[in-house]
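Here is the structure we will look at.
Just so you know, all these numbers are worked out from the coordinates, no wet-lab data involved. Keep in mind it's a predicted model, so treat the numbers as computed, not measured. Cβ coordinates were reconstructed from backbone atoms using ideal geometry, including for glycine residues, and neighbour counts include every protein chain displayed.
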Amino acid sequence: MTHIRDAEPADLSVLRAIDIATHSVDTSPGPPPDPERHHLGNFGPGQVLVAESEGGRIQGYTAWGHPTPLPSSEHVMQIQALAVDPRFQGEGVGRALIRGVLELARHREATKVSLRVLGTNVVARRLYSLAGFVVEGVLRQEFELENRLVDDILMAHYLDGDFDAHREVDAPRLDQAPD
Ligand SMILES: CC(C)(COP(=O)(O)OP(=O)(O)OC[C@H]1O[C@@H](n2cnc3c(N)ncnc32)[C@H](O)[C@@H]1OP(=O)(O)O)[C@@H](O)C(=O)NCCC(=O)NCCS
């Protein structure tokens, strides 16, 4: 059984090791993680969740932030990191972490959970789709990774049941502008 809990400072070195073990051009457009720096230091309390086995081993983690520092985007939680130790992949840990973020979002009364995923990361895209995330948009050829142009896919999970995530966003007519 996997248990989801808030990360503690003592977890950071294990989380860094998971980052290093899972980094590739299919999982991240950025450079390999720096073993000396804890990028998770930028996240505040409650923003990093870890998955822990019954025996107390950390299996993976996820971190979220708001997409902008503006009060107007406080209702959105953006998943900014998700990684499962390769030794525990394929056992439902990623799914449990996503479930943990969605539970937290409901608790915090967020109405939208968003994320960005590389088009080449088919495992993560499938996980997100199965968890109820829909594609909101595609930034085509956003990254050049190993001489290949790769799309960045924007996905979101809406917690407000009335919202139509599939509505088209066309060029508006000027007479439709709000007063
Ligand atoms: C993406 C990742 C977090 C998935 O974690 P995981 O614990 O292996 O995933 P789960 O076991 O919970 O699997 C959930 C779903 O993902 C898909 N999946 C998982 N492993 C897969 C694999 N090797 N091949 C194909 N699909 C796979 C499956 O659809 C699975 O659902 P199913 O078993 O009902 O078919 C993990 O592969 C990882 O850490 N990848 C590297 C980092 C990364 O890509 N992060 C995402 C950045 S946006």
Modelled label-to-label distance, residue 116 and residue 23, 7 Å Cα→beta-carbon offset: nm?
1.7 nm
Helix 12-22 versus the longest principal axis of the chain: what is the Cα-based angle in degrees, 0 to 90, to the nearest 10?
70 degrees
Relative contact order as a percentage, the chain, C-alpha pairs under 8 Å and 6+ apart, gives 18 percent
Write out the trypsin sites (Lys or Arg not before Pro) in segment 1-97 meeting two conditions: DSSP loop, and at most 10 other Cβ atoms within 10 Å of their Cβ.
37
Would you give the gap between the C-alpha center of segment 125-147 and the C-alpha center of segment 18-67, rounded to a whole Å?
19 Å
Under the 7 Å Cα-to-Cβ spin-label approximation, residue 99 and residue 140 lie apart by a distance in nanometres of 3.8 nm
Per-residue counts of other Cβ atoms within 10 Å, averaged by peptide: what ranking do you get for 115-121, 147-153, highest first?
115-121, 147-153
Can you pull the one-decimal nm distance between simple spin-label points at residue 109 and residue 91, each 7 Å off the Cα toward Cβ?
3.8 nm
Take residue 167, project a point 7 Å from its Cα along the Cβ direction, then tell me which residues of segment 79-110 have their backbone nitrogen under 20 Å from it.
110
Could you check which residue among 56, 65, 46 shows the biggest mean-square fluctuation in a GNM of the chain with a 10 Å Cα cutoff?
56
Would any residue of segment 35-78 have its amide N under 20 Å from a label point 7 Å out along Cα→Cβ of residue 10? List them or say none.
38, 40-41, 45-62
Along the chain, longest interval not containing exposed GluC sites (Glu not before Pro), exposed being DSSP loop plus at most 12 other Cβ atoms within 10 Å
55-108
With the convex hull built on the alpha-carbon atoms of the chain, volume per residue in Å³ sits at 145 Å³
